[in-house]
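A.B. asks: Supplied in structure tokens, the structure appears directly below.
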Amino acid sequence: MKILIIAEHKNGQLSEATQELFGLPLGQAEVHAVVAGESVESLAGPLGQLGADKVHLIESPALASGTGESLGQALGQFIPQLALDVVLAAHSAQGKDLAPRLAAALDAALATDCIQVSCDGDKVTARRPVYAGKATAEVEFTDDGLKVITVRPRTVKPPEPDAARSASVASVVVELLAQKTGLKEIIAGGNERPDVTEASIIVTGGRSLGSAENFSIIEDFADSIGAAVGSSRAAVDAGYRPYRDQVGQTGKVVSPQVYIACGVSGAIQHLAGMRTSKHIVAINTDPDAPIFQLADYGIVGDLFEVVPQLTEAAKNRNGS
Amino acid sequence: MNIFACIKQVPDTTTRIKLRGDGNGIDEADIQWIISPHDELAIEEALRLREQRPDSTVTVLSAGPERVTDSLRMALAMGADSAVRLDLPGDADSGMSARALAAAIGKLGEADIVFTGKEAIDDGAAAVGQALAVSLGMPCVTVVNGIDYGDGAITCRRDVGGGNVEIIETSLPAVVAAQVGLNEPRYATALNIIRAKKKPIDTLSADELGVTEANRKTRLKNFELPPPKQPCQIIEGTPADQAKELIRVLAEGIQAI
Ligand SMILES: Cc1cc2nc3c(=O)[nH]c(=O)nc-3n(C[C@H](O)[C@H](O)[C@H](O)COP(=O)(O)OP(=O)(O)OC[C@H]3O[C@@H](n4cnc5c(N)ncnc54)[C@H](O)[C@@H]3O)c2cc1C
Ligand SMILES: Nc1ncnc2c1ncn2[C@@H]1O[C@H](COP(=O)(O)O)[C@@H](O)[C@H]1O
């Protein structure tokens, strides 16, 4: 079995979600990685230490802030040269956009947002959530052709880098054709906290916060434990938080290690975005709030009293 | 302009999911079907564009069994000019759906722009828009929450996570996948819902679209419901005690901090 991992990187670092892909049970597979962009050769070392046997470098300034179109074109040219069985990418903003393009261009099978992937001998198995996490299903691949699979971030832990390992390195030259799409600008969100889709802990506030200013108690607590700040739609609609923080059916779908819902009722559309979180904590004045049915730990109480105490307790624990 | 919107019919979020006896799908008996929420944005954007550009038509497409006709009627009630059902099984994979949609668009005239949702809330695959674009040889911009329409080109704002926004320009024809924020979908009025009941809905067969089971590459099976939740452990005490205990659980119990 021959697998290719599409490596995402920013500021000379591999993304966390890319590192995690090496933690999947890939059996005895021969693992290749491809990395495209500018000055990418520095990533060959880390990729080898994570478990890549061979690293392919597509050195191309045009791909450094590439669009899905240009990356798809580059990888679409390169992948057929490798006689692969599986292409793995993170189900990140980039991976989500790219993988279906590749699958269509290469006439491959596609399974996105998987939460279990394993390779054993020549068998590939994958499982993914369906109906917003109300169920999961196994993806049966109906033939032996190429499979393109994206994996939900935080599905597995990245392996410890093995300093003794290294990968062989090859340079790849691709020819980019005229592009129909062009990236004009990237407007940075100025968000210093982790994004909800990438965080391992999320502290979410709801309508009951009552104002944008009051969210500072949620932010303080989030900062004390290195968490992202999430929001219910009601709090977004009320203008307390930007849309990027919204969790739920019409917001982001997240599955962090810990999800702490503060003054969030637990409407079904909210649950659709966070149901698959590993541990769920609810803080709510109403003991009958639906969120408690999904929560593992609950505090029945006023968030304005409890949350500042949590910040205190977390800081004390950190010894600061 | 020749404007298309692709819509998928999905179970309403509030529907309780029950598995079929063989575990290879869900029991569709009591399901309330709706247009996938992001696809309503796709319809809305198509209608708004038509309002800006005289001599435009909006065609809505949905691939699926007979039941999807209801969702197509809802799109007509919102204001679409015509609606076509592509006769595919409800469990077609994204490759089959994309292929059928591309073939239908090819048959129905030269598209100037095709709107889809960013993802359907049943499979959450976020795949069909991009695959469709590849089949049509068109560029595709995903998770779009704002569009400036120019001449033969559009400029899209897309949400790339972390609050970062990309501004992407693309030539037309193109496929655009809609994200929340793009617009506020209108409601169909009761009168228009009644009127739409009488409108014709054309069907294209899988044969006409050149899609067969041989095009299937994946099938979902062995569905599982999440294991029943343990009852919530309520942490008692004063707010200070509750806080200390929760932080202890996070740090020592589940070692998350
Ligand atoms: C098509 C559609 C899509 C939707 N998409 C989303 C989505 O993506 N995300 C989303 O979140 N919602 C979504 N919704 C909205 C959803 O139905 C709920 O309205 C929303 O989630 C409610 O937000 P909330 O929990 O903040 O507010 P409320 O439901 O008003 O709940 C407030 C909670 O705070 C508690 N409370 C009040 N005061 C305090 C206090 N001092 N301390 C502690 N607890 C307190 C109350 O007991 C209550 O449980 C959608 C709805 C529709 C129809
Ligand atoms: N069966 C279908 N019929 C019409 N449009 C579809 C169908 N499946 C997916 N789409 C479109 O493609 C988008 C992405 O769907 P998905 O890849 O299933 O998440 C949806 O929001 C729809 O706009």
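A.B. asks: I need the calculated FRET efficiency for the pair B:ASP148 and B:GLU110, taking r as the beta carbon distance and R₀ as 25 Å, to the nearest 0.05.
C.D. replies: The pair B:ASP148/B:GLU110 has a calculated efficiency of 0.65.
A.B. asks: Considering every pair of different Cα atoms, what Kirkwood radius, in Å, is found for chain B?
C.D. replies: 20.2
A.B. asks: With everything on Cα atoms, drop me the angle between helix B:239-248 and the longest principal axis of chain B, reported from 0 to 90° to the nearest 10.
C.D. replies: So the helix axis and the longest Cα principal axis differ by about 80 degrees.
A.B. asks: A follow-up question, please. Solvent-accessible area of A:THR197, probe 1.4 Å, all protein chains present, reported in Å² to the nearest ten, please.
C.D. replies: 50
A.B. asks: Then there's this: Mind scanning B:LYS197/B:LYS221; A:LYS10/A:LYS252; A:LYS96/A:LYS180; A:LYS96/B:LYS221 and naming the pairs with a C-alpha gap bigger than 29 Å?
C.D. replies: B:LYS197/B:LYS221
A.B. asks: Considering only DSSP beta bridges with both partners in the protein assembly as shown, what is the antiparallel share in %, to the nearest 5?
C.D. replies: 35
A.B. asks: Let me ask something else. Ordered by residue, what ³J(HN,Hα) values in Hz, to whole numbers, does the stretch A:213-223 give under the Karplus form 6.51 cos²θ - 1.76 cosθ + 1.60, where θ = phi - 60° and Gly and Pro are x?
C.D. replies: So the Karplus estimates, Gly and Pro as x, are 4, 4, 4, 4, 5, 5, 4, 4, 5, 4, 5 Hz.
A.B. asks: OK, next. Over the stretch B:55-139, what is the relative contact order in whole percent, taking alpha-carbon pairs under 8 Å and six or more residues apart?
C.D. replies: Reported as a whole number, the value is 26 percent.
A.B. asks: Kindly state, to the nearest 0.05, the FRET efficiency for B:ASP22 paired with A:LYS278, given R0 = 35 Å and r defined as their beta-carbon distance.
C.D. replies: 0.75
A.B. asks: Same structure again: Does anything in the stretch A:231-258 have its amide N under 15 Å from the 7 Å Cα→Cβ label point of B:LYS229, and if so which residues?
C.D. replies: Answer for this model: A:256, A:258.
A.B. asks: Now for a different question. So which lysines can B:LYS198 reach, going by Cα to Cα under 25 Å and dropping same-chain residues fewer than 8 places off?
C.D. replies: Candidates past the 8-residue exclusion: B:LYS8, B:LYS107.
A.B. asks: Could you let me know the centre-to-centre spacing of the stretch A:15-83 and the stretch A:256-286, using Cα atoms, in angstrom?
C.D. replies: Centre-to-centre distance over Cα atoms comes out at 35 Å.
A.B. asks: Report, to the nearest 10°, how far helix A:68-78 tilts away from the longest principal axis of the Cα atoms in chain A, using its own Cα long axis and a range of 0 to 90°.
C.D. replies: Roughly 40 degrees between the two axes.
A.B. asks: Using the Karplus curve 6.51 cos²θ - 1.76 cosθ + 1.60 with θ = phi - 60°, work out ³J(HN,Hα) for each residue of the stretch A:167-177 in order, rounded to whole Hz, and write x for Gly and Pro.
C.D. replies: With coefficients 6.51, -1.76 and 1.60, one gets 10, 6, 10, 10, 9, 10, 10, 10, 10, 7, 7 Hz.
A.B. asks: Measure off 7 Å from each Cα along the Cα-to-Cβ vector at A:GLU219 and A:ARG165, then give the distance between these two points in nanometres to one decimal.
C.D. replies: 4.1
A.B. asks: List the equivalent ellipsoid semi-axes of the stretch A:5-77 in whole Å, largest first, each obtained as the square root of 5λ for an eigenvalue λ of the Cα gyration tensor.
C.D. replies: After scaling each eigenvalue by five and taking roots: 21, 13, 11 Å.
A.B. asks: Out of B:ILE147, B:ILE193, B:ILE234, any idea which swings most in a Gaussian network model of chain B, alpha carbons joined below 10 Å?
C.D. replies: Comparing B:ILE147, B:ILE193, B:ILE234 in the GNM, the peak value goes to B:ILE234.
A.B. asks: Moving on. Could you work out the relative contact order of the stretch B:1-148, using alpha carbon pairs under 8 angstrom and six or more residues apart, expressed as a whole percent?
C.D. replies: Result for the stretch B:1-148 is 29 percent.
A.B. asks: Ranked by accessible surface with a 1.4 Å probe, highest first, in what order do A:MET274, A:MET1 come?
C.D. replies: A:MET1, A:MET274
A.B. asks: Let me cross-check A:LEU183: its accessible surface, 1.4 Å probe, with only protein heavy atoms counted, in Å² to the nearest 10?
C.D. replies: Counting only protein heavy atoms, the figure is 50 Å².
A.B. asks: Oh, and also: Relative contact order of the stretch A:155-286, please, whole-number percent, based on alpha carbon pairs below 8 angstrom and at least 6 residues apart.
C.D. replies: Relative contact order for the stretch A:155-286 comes out at 22 percent.
A.B. asks: Taking amide H atoms as placed 1.01 Å from N in the peptide plane, list the residues 5 or more away in sequence, or in a different chain, whose amide H sits under 5 Å from that of A:ILE280.
C.D. replies: For A:ILE280, the qualifying residues are A:TYR259, A:ASP296, A:TYR297.
A.B. asks: Right, another one. Taking amide H atoms as placed 1.01 Å from N in the peptide plane, list the residues 5 or more away in sequence, or in a different chain, whose amide H sits under 5 Å from that of A:ALA90.
C.D. replies: The answer is A:VAL151.
A.B. asks: Can you tell me the FRET efficiency between A:LYS123 and A:GLU16 if r is taken as the Cβ-Cβ distance and R0 is 30 Å, rounded to the nearest 0.05?
C.D. replies: According to the calculation, E is roughly 0.60.
A.B. asks: Here is a further query. What ³J(HN,Hα) values, in whole Hz, does the Karplus curve 6.51 cos²θ - 1.76 cosθ + 1.60 give for the stretch A:188-201 when θ = phi - 60°, with x put for Gly and Pro?
C.D. replies: For the stretch A:188-201, the Karplus curve yields 6, x, x, 8, 7, 7, x, 6, 4, 7, 10, 6, 8, 10 Hz.
A.B. asks: Hey, if you drop one equal point scatterer on each alpha-carbon of the protein assembly as shown and run the Debye formula without solvent, what base-10 log of I(q)/I(0) do you get at q = 0.09 Å⁻¹?
C.D. replies: -0.70
A.B. asks: Just reorder B:ARG99, A:ARG244 by solvent-accessible area, largest first, 1.4 Å probe, all chains present.
C.D. replies: Greatest to least solvent exposure: B:ARG99, A:ARG244.
A.B. asks: With only alpha-carbon atoms in the gyration tensor, what are the semi-axes of the equivalent ellipsoid for the stretch B:168-250, in Å, largest first?
C.D. replies: 49, 26, 21
A.B. asks: Over both sides of the A-B contact, add up the buried accessible area with a 1.4 Å probe and give it to the nearest 100 Å².
C.D. replies: 6500
The values are calculated or read from the model by the stated rules, or taken from the named source; none is laboratory data. None of these values were measured; they are calculated from a predicted model. We place every Cβ from the backbone using ideal geometry, glycine too, and count neighbours over all the protein chains shown. These area figures cover heavy atoms from the full protein model, side chains too; ligands, DNA and RNA do not enter into them. Shrake-Rupley method; radii C 1.70, N 1.55, O 1.52, S 1.80 Å.
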